[in-house]
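Q: Input: one structure, supplied below.
The values are calculated or read from the model by the stated rules, or taken from the named source; none is laboratory data. The shown structure was predicted, so the numbers you read here are calculated from the model rather than taken from an experiment. So basically every Cβ, Gly included, is an ideal-geometry build from the backbone, and we count neighbours across all protein chains shown.
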Amino acid sequence: MKSLADRPDLTMKTRAVIRSAIMSGELQPGMPLAQHELAQQLGVSRQPISHALKLLRQEGLVVDRGRKGQMVAPIDADKLLALYQVRGALDRLAAQLAASRGPDKASRQLGLVAEEGLSLASAGNPEALVAADEKFHRLLHDASGNPEIGVSTELLWPHLVRSMRVVLDTISDWDQIWREHQAIADAVITGNAIHAGDLAAKHAEDAGFKTHQQLCKLYK
């Protein structure tokens, strides 16, 4: 009998590559996903491609094209707004828990990333700012000490990141965004749990509203 040891690993590697291409915008919303073409590009058989696309369908990143196969899921402005609302609630909890734990390595790292983001905002590198934004919020979730927050937000990130990349050219207030990040980090480090939670929730709410507005202009 043939060994099956490497098959799950190959499927997950294939999924990771396709997922990354969707998040980065290399594979645009609505782009057809032909299994034979993907197999040729990635140098694998169609089986791991098929399994990987099935997993990405479960994440909402791939959808059917009727009888024409599958495609990259379109960006749905209303869905994005709903996801930001969910993240806002989880960010509030994460910030409150992180602040309640007191200053530690994780919260201090949060402050360093906020300073890094302010420098990037001045330099005007949108791609680096999107990556730093994701890093900041993941650190906030880690700093909470509750691993279930990170688990709960994991499926949100691909949708949030690719929506940010779509509206990159319309974002002009990076300085304000990173001042808000810094205020959240300061509240966490000083142990002001209620204030940290309020700031984190409002930050997500504002980001969701602005992103929703821009996506509606682009897709509606």
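Q: Here is a list: 92, 87, 67. Which entry is of a type in the set (Lys, Arg) and modelled with pLDDT under 95?
A: One residue alone meets the criteria, 67.
Q: Which is part of a helix (DSSP H, G or I), surrounded by 17 or more Cβ atoms within 10 Å (Cβ to Cβ) and either of a type in the set (S, T, N, Q) or touching a residue at least 60 places away in the same chain (Cβ under 8 Å) (or both), of 179, 162?
A: Being part of a helix (DSSP H, G or I), surrounded by 17 or more Cβ atoms within 10 Å (Cβ to Cβ) and either of a type in the set (S, T, N, Q) or touching a residue at least 60 places away in the same chain (Cβ under 8 Å) (or both) holds for just one of 179, 162, which is 162.
Q: Let me ask something else about it. Could you figure out which of (1) buried (at least 20 other Cβ atoms within 10 Å of the Cβ); (2) out of contact with any His (no Cβ under 8 Å at 6 or more places or on another chain); (3) farther than 21 Å from residue 86 by Cβ isn't true of residue 170?
A: Among (1) buried (at least 20 other Cβ atoms within 10 Å of the Cβ); (2) out of contact with any His (no Cβ under 8 Å at 6 or more places or on another chain); (3) farther than 21 Å from residue 86 by Cβ, residue 170 violates only (1).
Q: Next question. Any residue that is basic (Lys, Arg), buried (at least 17 other Cβ atoms within 10 Å of the Cβ) and outside the structural domain of residue 25 (by TED's automatic domain parsing) - is there at least one of those in region 130-137?
A: Within region 130-137, not a single residue is basic (Lys, Arg), buried (at least 17 other Cβ atoms within 10 Å of the Cβ) and outside the structural domain of residue 25 (by TED's automatic domain parsing).
Q: How about region 94-117: which of its residues are of a type in the set (A, V, I, L, M, F, W, C) and surrounded by fewer than 18 Cβ atoms within 10 Å (Cβ to Cβ)?
A: 106, 112
Q: Okay, next question. Just to check your reading of the model, which residue among 122, 152 is loosely packed, with under 14 Cβ neighbours inside 10 Å, touching a residue at least 24 places away in the same chain (Cβ under 8 Å) and in a helix (DSSP H, G or I)?
A: 122
Q: Return only the number of the condition from (1) within 24 Å of residue 127 (Cα to Cα); (2) out of contact with any Gly (no Cβ under 6 Å at 6 or more places or on another chain); (3) of a type outside the set (D, E, K, R) that residue 70 does not satisfy.
A: With respect to (1) within 24 Å of residue 127 (Cα to Cα); (2) out of contact with any Gly (no Cβ under 6 Å at 6 or more places or on another chain); (3) of a type outside the set (D, E, K, R), residue 70 is out only on (1).
Q: Follow-up. Can you find, within region 48-76, the residue that is surrounded by the most Cβ atoms within 10 Å (Cβ to Cβ) among those that are touching a Ser or Thr at 6+ places or on another chain (Cβ under 8 Å) and assigned to a helix (DSSP H, G or I)?
A: 52
Q: Take the residues in region 79-137 that are touching a Phe, Trp or Tyr at 6+ places or on another chain (Cβ under 6 Å) and of a type in the set (Gly, Ala, Ser), then tell me which one is nearest to residue 170 (Cα to Cα). Let's see the steps before the verdict.
A: The initial filter retains those residues of region 79-137 that are touching a Phe, Trp or Tyr at 6+ places or on another chain (Cβ under 6 Å), namely 113, 117-118, 121, 129.
Then keep just the ones that are of a type in the set (Gly, Ala, Ser); that gives 117, 121.
Working: 117: 18, 121: 14 Å.
If we take residues in region 79-137 being touching a Phe, Trp or Tyr at 6+ places or on another chain (Cβ under 6 Å) and of a type in the set (Gly, Ala, Ser), then 121 is nearest to residue 170 (Cα to Cα).
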